[in-house]
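Working notes, beginning with the structure itself.
The values are calculated or read from the model by the stated rules, or taken from the named source; none is laboratory data. The model shown is predicted, which means the values in this text are computed figures rather than measured ones. So basically every Cβ, Gly included, is an ideal-geometry build from the backbone, and we count neighbours across all protein chains shown. For the accessible areas, the whole protein counts, side chains as well, though only heavy atoms, and no ligand, DNA or RNA atoms are used. Shrake-Rupley method; radii C 1.70, N 1.55, O 1.52, S 1.80 Å.
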Amino acid sequence: MEDERIPYRATEAAASWSGIGKLPVSVLLENVRSLYNVGAFFRTADAVSLEKLYLAGITGYPPQKMIAKTALGAEKTVPWERAADARGLISVLRARNYDIAAIETSLHAVDLFDWQPRFPVCVLFGHETDGLTPGLAALADTHVRIPMLGRKHSLNVATAGGVVLYELLRKYRDRTST
């Protein structure tokens, strides 16, 4: 069934994106306290056709009015799961051959635009102020940082999620189109 509300799909520019299907990327949100940020992740997850969204720690989950306000219905269409044991989930994903990447600024982080992920990949995002817990961050195969050229050293977690997921979508398209 064609969604007539999506004019982008009717443009010539959309041709290189058709046929991608599900993006082999999952997101794990650990302790994201703002329900508006969670809703924004749902909306971005829908936009890139994310495989799955995992919600761990104090991260809120649907149904919640504040999530619905920013998700605009994506909380009903994006596959998601409440992850009671984030570390256990990482073990399960690793056994399924996922690359695990912490989106964190750390001394050994690689630049987002230089990073060559191995798909499938699960990207980890943490608390708005404190980031990922050290234990979860230590489980990542790679730490990835978003270049910050201004005076601030971080982005809002949902904004960072949008930047990372669209870069992963671009990289995945480039790999599958050759």
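A few comments on the model shown:
- Considering each residue of segment 63-73 in turn, none proves to be under 25 Å from Ser34 (Cβ atoms), part of a loop (DSSP other than H, G, I, E, B) and hydroxyl-bearing (Ser, Thr, Tyr).
- For segment 56-96, the set of residues classified as among the β-branched types (Val, Ile, Thr) and within 17 Å of the chain's Cα centre (by Cα) consists of Thr59, Ile67, Thr70, Thr77, Val78, Ile90, listed by residue number.
- Once segment 113-134 is narrowed to residues that are open to solvent by less than 20 Å² (accessible area, probe 1.4 Å) and either closer than 25 Å to Arg33 by Cα or aliphatic (A, V, I, L, M) (or both), the residue that is modelled with the lowest pLDDT is Gly131.
- Qualifying residues in segment 117-147 (those that are free of Cβ contacts under 8 Å to residues at least 12 places away in the same chain and not β-branched (Val, Ile, Thr)) - the one nearest to Pro24 (Cα to Cα): Ala138
- Hits in segment 44-64 (condition: more than 21 Å from Tyr172 (Cβ to Cβ), touching a helix residue (DSSP H, G or I) at 6+ places or on another chain (Cβ under 8 Å) and open to solvent by 20 Å² or more (accessible area, probe 1.4 Å)): Gly57, Tyr61, Pro63, Gln64
- Matching residues in segment 79-112 - criterion: being open to solvent by less than 70 Å² (accessible area, probe 1.4 Å) and part of a loop (DSSP other than H, G, I, E, B): Pro79, Tyr98, Glu104, Ser106, Ala109, Leu112
- For segment 138-150, the criterion of a residue being in a strand (DSSP E or B), within 17 Å of Lys52 (Cα to Cα) and among the charged types (D, E, K, R) is satisfied by no position.
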